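Let me begin by presenting the structure, written as structure tokens, before commenting on it.
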Ligand code: ADP
Ligand code: MG
């Protein structure tokens, strides 16, 4: 294995806690999908979540923006418990940007409209302001020239970059990425990872579920390894990849590296 270099800046020692999960539990029927999850993510931190399929990674992400409810434990964002419903829940969803494996763009809206819509509906931004911001973000993710097209006219990599721009348009406090490159053709993976790398360097707080270990090594402050609904191990990437402590992590890494 080649020597690992960690390029993500360390989190400043004074950074405050942005996402806090305390003793979170959830079942799907008999399946205990989240078991006593304790996880604290500091402002500006990039946490990569890895683990075998079915270990609860997506459920964890979905619990953080309340697409899934949990049965016990506390989840808070920026010091506030997750709201249960109504306008507060819509605002939470805006504060917690989410990018899925399937790009989930609005098919009947143009690229530009996709990035404007949430700003107007949820943030109550004026149309002109929303458009200026949307164009700026599309430029930032490298798809400015696609603004007037419909999602189906774009490649998968372009669509995923639009999905990132759409989430960023809400000025989220944290971005969740659930296997954002898993549905992409190989040649499009890097263009999406590069946008995410840049976001990490710009100081965005990020939770990223991914099998892209190169990204984990270079962009993560911390790797969280999940198996069977539990956080089995957490470490800085260098340590996790060169010296995993648990047998589960050793076994997982031996299969994917
Ligand atoms: P991962 O993202 O790590 O692959 P998931 O969080 O998607 O894992 O799923 C964890 C487990 O929970 C899997 O066994 C999956 O089949 C199950 N599961 C996920 N969503 C549901 C659901 N809505 N209803 C029942 N079981 C579910
Ligand atoms: Mg998943």
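Here is a check on your reading of the model: is residue 131 free of Cβ contacts under 8 Å to residues at least 40 places away in the same chain, farther than 20 Å from residue 188 by Cα, in contact with a helix residue (DSSP H, G or I) (Cβ under 8 Å, 6 or more places away or on another chain) and part of a helix (DSSP H, G or I)? Step through it out loud before you land on a result.
Numbers: free of Cβ contacts under 8 Å to residues at least 40 places away in the same chain: yes; farther than 20 Å from residue 188 by Cα: yes; in contact with a helix residue (DSSP H, G or I) (Cβ under 8 Å, 6 or more places away or on another chain): yes; part of a helix (DSSP H, G or I): yes.
Answer is yes for this residue.
Could you list all residues from the stretch 113-128 that are within 24 Å of the chain's Cα centre (by Cα) and assigned to a helix (DSSP H, G or I)?
If we filter the stretch 113-128 for residues that are within 24 Å of the chain's Cα centre (by Cα), which is where we start, we get 113-123.
Correct list: 113, 114, 115, 116, 117, 118, 119, 120, 121.
This table checks each residue for (1) under 21 Å from the mean Cα position of the chain (by Cα); (2) modelled with pLDDT under 95; (3) under 22 Å from residue 78 (Cβ atoms).
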residue: 110; (1), (2), (3): no, no, no
residue: 131; (1), (2), (3): no, no, no
residue: 150; (1), (2), (3): no, no, no
residue: 154; (1), (2), (3): no, no, no
residue: 169; (1), (2), (3): yes, no, yes
residue: 173; (1), (2), (3): yes, no, yes
residue: 176; (1), (2), (3): yes, no, yes
residue: 195; (1), (2), (3): yes, no, no
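Could you tell me whether any residue of the stretch 39-60 is more than 16 Å from ligand 2 (Cβ to nearest atom), closer than 20 Å to residue 222 by Cβ, at pLDDT 95 or above and over 19 Å from the mean Cα position of the chain (by Cα)?
no
For the stretch 193-212, which positions are over 20 Å from residue 44 (Cα atoms) and free of Cβ contacts under 8 Å to residues at least 60 places away in the same chain? Before you say what the answer is, go through the steps one by one.
Initially, the stretch 193-212 is screened for residues over 20 Å from residue 44 (Cα atoms), giving 211-212.
Once the filter is applied, which keeps residues that are over 20 Å from residue 44 (Cα atoms) and free of Cβ contacts under 8 Å to residues at least 60 places away in the same chain, the stretch 193-212 yields only 212.
Do we find that residue 252 is under 20 Å from residue 59 (Cβ atoms) and not in a helix (DSSP H, G or I) in this structure?
In short, no.
If you take the residues of the stretch 71-102 that are surrounded by 14 or more Cβ atoms within 10 Å (Cβ to Cβ) and over 19 Å from the mean Cα position of the chain (by Cα), which of them is farthest from residue 204 (Cα to Cα)?
Filtering the stretch 71-102 for residues that are surrounded by 14 or more Cβ atoms within 10 Å (Cβ to Cβ) and over 19 Å from the mean Cα position of the chain (by Cα), the one farthest from residue 204 (Cα to Cα) comes out as 73.
Just to confirm my filter: which strands (runs of 3 or more DSSP E) fall fully inside the stretch 1-104 and include at least 2 residues that are within 13 Å of ligand 1 (Cβ to nearest atom) and without any contact (Cβ under 8 Å) to a residue 60 or more places away in the chain?
Of the strands (runs of 3 or more DSSP E) lying wholly inside the stretch 1-104, those with at least 2 residues that are within 13 Å of ligand 1 (Cβ to nearest atom) and without any contact (Cβ under 8 Å) to a residue 60 or more places away in the chain span 17-28.
Considering only residues that are under 13 Å from residue 99 (Cα atoms), in contact with a helix residue (DSSP H, G or I) (Cβ under 8 Å, 6 or more places away or on another chain) and surrounded by fewer than 17 Cβ atoms within 10 Å (Cβ to Cβ), which ones fall in the stretch 157-187?
Passing the criteria: only 183.
The values are calculated or read from the model by the stated rules, or taken from the named source; none is laboratory data. Keep in mind the model is a prediction, meaning the values are calculated, not measured. Virtual Cβ from ideal backbone geometry, glycine too; neighbours counted across all protein chains shown.
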